[in-house]
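*Asks:* The structure that follows is given in the form of structure tokens.
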């Protein structure tokens, strides 16, 4: 299993940044691949066991995933597993740690695809190196999140 992660310091309250990350409708404002999501079933917000459908794109390619929240500790931790075609393909997590008047936000992606699916999905999605691709995406997401959070704070 491989993973990538990156951290950034954001001059905003960890609770406010957590609220931004867990607002599925806004994810497309900072993510270069995810364009948002919607809660499934009875879910109306982040809670352990809640499910949501995520919508993604890369160029002209579009796909949706079903995600299940595994951690939801406001201002501290948010994590979810991603299923595609009934298989768990990844785990995404965010941690929020107070740092002075702001916080350190860490985003982590863990690849859980079976080996055969790794090769096939990278070809289908037009990604040569999913690990490097997601690291670049995490960096872009965190930079955009920082920009929006700090602009909102002003």
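*Asks:* Give me 57, 133, 76 ranked fewest to most by other Cβ atoms within 10 Å of their Cβ, as a rough exposure proxy.
*Replies:* On the way: 57 13, 133 19, 76 16.
Lowest to highest Cβ neighbour count: 57, 76, 133.
*Asks:* Continuing with this model, one more query. If the chain between residue 151 and residue 73 were fully stretched, how many nm would it gain, using 0.36 nm times the residue separation less the Cα-Cα distance? Write out the running numbers ahead of the final one.
*Replies:* Details: separation 78, 0.36 × 78 = 28.08 nm, distance 2.43 nm.
Computed gain between residue 151 and residue 73 is 25.6 nm.
*Asks:* Moving on. With n ≥ 4 as the cut-off for DSSP H runs, can you work out [θ] at 222 nm for the chain, using -39500 (n - 2.57) per run divided by the number of residues, rounded to the nearest 500?
*Replies:* Working: 3 runs with 43 residues, N = 154.
Theoretical 222 nm ellipticity from helices: -9000 deg cm²/dmol.
*Asks:* Normalising by the residue count of the chain, find the relative contact order in percent from Cα pairs under 8 Å and 6+ residues apart. Working shown, then result.
*Replies:* Details: 315 pairs, mean separation 45.9, N = 154.
30 percent.
*Asks:* What distance in nm separates the two pseudo spin-label positions at residue 143 and residue 99, each 7 Å out from Cα along the beta-carbon direction?
*Replies:* Label at residue 143, label at residue 99, 1.7 nm between them.
*Asks:* Tilt of helix 130-153 relative to the longest C-alpha principal axis of the chain, in degrees (0 to 90, nearest 10)?
*Replies:* It is inclined by approximately 30 degrees.
*Asks:* Within 10 Å of each residue's Cβ, count the other Cβ atoms and sort 20, 117 from fewest upward. Could you put the intermediate results ahead of the total?
*Replies:* Details: 20 19, 117 16.
Ranking 20, 117 by Cβ neighbours within 10 Å, fewest first, gives 117, 20.
*Asks:* Kindly put 33, 5, 132 in sequence by how many other C-beta atoms sit within 10 Å of each C-beta, fewest to most.
*Replies:* On the way: 33 20, 5 15, 132 11.
The order, fewest Cβ neighbours first, is 132, 5, 33.
*Asks:* On a C-alpha basis, how far is the centre of the stretch 54-88 from the centre of the stretch 1-32 in Å? Whole number, if you could?
*Replies:* Taking the Cα centre of each part, the stretch 54-88 and the stretch 1-32 sit 13 Å apart.
*Asks:* Measure nothing fancy, just the Cα-based angle from helix 115-125's long axis to the longest principal axis of the chain, in degrees from 0 to 90, nearest 10.
*Replies:* Long axis of 115-125 versus the principal axis of the chain: about 80 degrees.
*Asks:* Follow-up question, since we're still on this one. With a Cα-only, solvent-free Debye model of the chain, what are the log10 I(q)/I(0) values at q = 0.11, 0.12, 0.13, 0.21 Å⁻¹?
*Replies:* With one equal scatterer per Cα and no solvent, log10 I(q)/I(0) is -0.41, -0.49, -0.57, -1.49.
*Asks:* Next question, about the same structure. Taking the mean number of other Cβ atoms within 10 Å as a proxy for protection, how do you rank 77-89, 34-46 from highest to lowest?
*Replies:* Numbers: 77-89: 16.0, 34-46: 14.5.
Answer by packing, highest mean first, reads 77-89, 34-46.
All of the numbers you see were taken from the coordinates with simple rules; none came from a lab. Model, not experiment: these values are computed from the prediction. Every residue, glycine among them, receives a Cβ derived from its backbone with ideal geometry; neighbour counts consider all protein chains shown.
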